[in-house]
1. Output the qualifying pairs, or none if there are none: Cβ atoms under 6 angstrom, residues six or more apart or on different chains, first residue in segment 14-26 and of a type outside the set (Val, Ile, Thr), second residue buried (at least 20 other Cβ atoms within 10 Å of the Cβ).
2. Answer yes or no as to whether Leu51 is more than 13 Å from the ligand (Cβ to nearest atom), under 8 Å from the mean Cα position of the chain (by Cα) and in contact (Cβ under 8 Å) with a residue 12 or more places away in the chain.
3. Which pairs have Cβ atoms under 6 Å, sit 6 or more apart or on different chains, and link a residue in segment 58-83 that is in contact (Cβ under 8 Å) with a residue 40 or more places away in the chain and within 19 Å of Phe16 (Cβ to Cβ) to one that is of a type in the set (S, T, N, Q) and within 15 Å of the ligand (Cβ to nearest atom)?
4. Residues that are away from the ligand (no atom under 16 Å from the Cβ), of a type in the set (Phe, Trp, Tyr) and buried (at least 16 other Cβ atoms within 10 Å of the Cβ): does segment 6-14 have at least one?
5. Filter segment 28-48 down to residues that are within 11 Å of the ligand (Cβ to nearest atom) and over 11 Å from the mean Cα position of the chain (by Cα) and give me whichever is farthest from Ile86 (Cα to Cα).
Amino acid sequence: MADEDLTIAFWEGKYFAYESKCPHRKGPIFMGRLKPGACITCPSHKITFSLETGEIIHNPIPESMKDYHDSGNLRLFKVSEDKDKIIVEY
Ligand code: FES
């Protein structure tokens, strides 16, 4: 983990921490669009992941493009708050 960046987002009253590179093709998911329901859409190929579970919510890439369609889940990190600190476990 030492050479891996993570992103922290505050969305709908809650902090989320997740890997900065998309699990699909390492796109810049740190620049992704946050959506209602605690989801984020990667700007590269528009796969949407849950920030609660890391699972894929929507994958617009056709299943017929199997090798390109497949993606792992977004890796999440546990976040907690302690007074004025945000603690991320990774
Ligand atoms: S790199 Fe993120 S959806 Fe493809």
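We did not get these values from a lab; they are worked out from the coordinates using the rules stated. Everything numeric here is computed off the predicted structure, so don't read it as measured data. Here the Cβ is made from the backbone with ideal geometry for all residues, glycine too, and neighbour counts use every protein chain on show.
1. Partner pairs satisfying both residue conditions: Phe16/Leu51; Tyr18/Leu74; Cys22/Ile29; Cys22/Cys42; Pro23/Leu74; His24/Ile47.
2. Values: more than 13 Å from the ligand (Cβ to nearest atom): yes; under 8 Å from the mean Cα position of the chain (by Cα): yes; in contact (Cβ under 8 Å) with a residue 12 or more places away in the chain: yes.
Answer is yes for this residue.
3. none
4. No, every residue in segment 6-14 fails to be away from the ligand (no atom under 16 Å from the Cβ), of a type in the set (Phe, Trp, Tyr) and buried (at least 16 other Cβ atoms within 10 Å of the Cβ).
5. The qualifying residue farthest from Ile86 (Cα to Cα) is His45.
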